[in-house]
Amino acid sequence: MAVKDGEVVVIEYTGTLEDGTVFDSSEKHGKPLEFKIGGKQVIPGFENAIKTMKKGEEKNIKLKSAEAYGDPNPQLIKEIPRKQIPDQEKMQVGMVMIISLPNGMQIPARITEVKEETVTIDLNHPLAGKTLLFKIKLLDVKSGKDVCEPENKTTDKKGNTEKADKSGKGKKGKASTGKKGDSLESQFEK
């Protein structure tokens, strides 16, 4: 029987690019991936492929960029003043820095060019525009009732996060937003 919306699947997977480079796998994370069908927690083509599977089935799929992370959007390539970046001496082309948005959400930005006064960053997903190959094994299918929902958090304009506890009342805490007035955090990855 095929998987239905609202059910929770447990899968093992390996994701590769067309040249064979592994970009992600459940083995890398040390455990199978578990998510709710219809919950928009994974890319559309990946979820659609799993919907047609049965427990214990293995499948290889090929997803064009439109079914995955889409095509690169040129509007997501930005040139910003270097002075807005706290750790300027660490910047190198190809590095990824974490940008904190006003709502507290953090997104990765890849440095594509470093000039004397400015830095060009690419906010597109690193896999945008790429064809993705997946080897998938559906280990289990559970009722949506058998799984805890993710924590529900909100962030106000001042960067305060509110997390609902079991009674439905919230607790407040300060979100990580970097130095006051700065919109960029000084977290870099290679």
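FYI, it's all coordinate maths here, none of it is from the lab. From a predicted model like this one, the values you see are computed outputs, not experimental measurements. Cβ: placed from backbone, ideal geometry, glycine included. Neighbour counts: every protein chain shown.
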How far, in nm, would the chain grow between T52 and T118 when pulled straight, counting 0.36 nm per residue and subtracting the alpha carbon separation?
18.9 nm
Separation of the K31 and N73 label points, Cα + 7 Å toward Cβ, nm
3.2
Would you please state the base-10 log of I(q)/I(0) at q = 0.19 1/Å for the range 1-68, with intensities from the Debye formula using one equal scatterer on every alpha carbon?
-0.80
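Nearest 20 debye, what's the magnitude of the dipole of the range 1-48 about its Cα centre given +1 on Lys and Arg Cβ and -1 on Asp and Glu Cβ?
With Lys and Arg at +1 and Asp and Glu at -1, about 220 debye.
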Most exposed first, judged by fewest Cβ atoms within 10 angstrom, R82, R110 run R82, R110
Most exposed first by the Cβ proxy, i.e. fewest other Cβ within 10 Å, how do M105, M53 rank?
M105, M53
Measure up K59/K142; K28/K59; K28/K64; K40/K115; K78/K135; K64/K115 against 27 Å on the Cα-Cα distance and list the ones that go over.
K40/K115; K78/K135; K64/K115
Quick calc: nm separation of the 7 Å Cα→Cβ label points for F23 and K142 -> 2.8
